[in-house]
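Peer 1: Dropping the structure in here first, questions after.
The values are calculated or read from the model by the stated rules, or taken from the named source; none is laboratory data. Note that the structure is a prediction, hence the values are computed from the model and not measured. All Cβ positions, even for glycine, are placed from backbone atoms using ideal geometry, and neighbour counts span all protein chains on display.
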Amino acid sequence: MFTKSIPNMFTLGNLFLGMVGIMLAFDNKFSLAAIMIIIAMLCDGLDGRVARALNAQSEFGKELDSLSDVISFGVAPALIMYVTSFHGMHHALIWAVTAIFPICGALRLARFNVQSGIPGYFIGLPIPAAGGVLATLSLFHKEISAPYMIFAMLVLSYLMVSTVKYPNFKKVGLPKKAVMYAPVVIIAGVAVAVIFPDQISKLIFVPLVLYAAYGLKQNVEKLTRRRNHDQSADQNVFNDHS
């Protein structure tokens, strides 16, 4: 029975860290808040692997994971961005953009739970990646003005609900013997992150943004191919009638 609960402990750890991230943001500890989201991503990446390693997958665990993800990677990053970049801007657009991000994240998770995906791929940007990008991007609030932050939030929101294919690394297995070392990995990650919160957060921002940009590039290429195909079809119709 205890073995079946181990994956859920990682999921609850993910949720706990998301809540801590929100509280740290309101205490103006932005680097630590972003780090909590990054460590929550680590917990989220481990819970499924641990469940498969222990043969402890369950519908309960799946639903708990989605509910936790909405908070940790939807609500928390949006509020971190709001506090760092938009606080004091009492404007309907700011409120709408801040709300749209977790809404799109919830839609993304709901679709993931009910639709069969493509083996090896996610359909749409996974919410942990989107939340990780947003939380770490917020640390650049002194260098990047609010309009650009709004644009970034809207792009990330769109990518989550898009049909762009993203590589799925979650299916990489975890040996059963490695499960006992998972808490050690998390504790070590927390220790390093707390000591160097600003540096680690900004360092992790780079691969996360590259992952998100990969899907954006795929989407642009897809639209370009479709436009070229339509132009080619129109040209053929024109030639047929000439």
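Peer 1: Residues that are over 17 Å from the mean Cα position of the chain (by Cα): which helices (runs of 4 or more DSSP H) entirely in the range 1-107 hold 3 or more of them?
Peer 2: Of the helices (runs of 4 or more DSSP H) lying wholly inside the range 1-107, those with at least 3 residues that are over 17 Å from the mean Cα position of the chain (by Cα) span 2-26, 30-53, 59-69.
Peer 1: For L93, work out the one condition from (1) surrounded by fewer than 18 Cβ atoms within 10 Å (Cβ to Cβ); (2) closer than 23 Å to P167 by Cα; (3) not basic (K, R) it doesn't fulfil.
Peer 2: It is condition (2) that L93 fails.
Peer 1: A follow-up question, please. From the list K29, K62, exactly one residue is within 21 Å of S5 (Cβ to Cβ) and surrounded by fewer than 19 Cβ atoms within 10 Å (Cβ to Cβ). Which is it?
Peer 2: K62
Peer 1: Next question. Considering only residues that are assigned to a loop (DSSP other than H, G, I, E, B) and either under 15 Å from V83 (Cα atoms) or touching a helix residue (DSSP H, G or I) at 6+ places or on another chain (Cβ under 9 Å) (or both), which ones fall in the range 122-150?
Peer 2: G124, L125, P126, H141, K142, I144, S145
Peer 1: With respect to A53, is the statement that it is among the hydrophobic types (A, V, I, L, M, F, W, C), in contact with a helix residue (DSSP H, G or I) (Cβ under 7 Å, 6 or more places away or on another chain) and at pLDDT below 90 true?
Peer 2: Spelling it out, A53 is indeed among the hydrophobic types (A, V, I, L, M, F, W, C), in contact with a helix residue (DSSP H, G or I) (Cβ under 7 Å, 6 or more places away or on another chain) and at pLDDT below 90.
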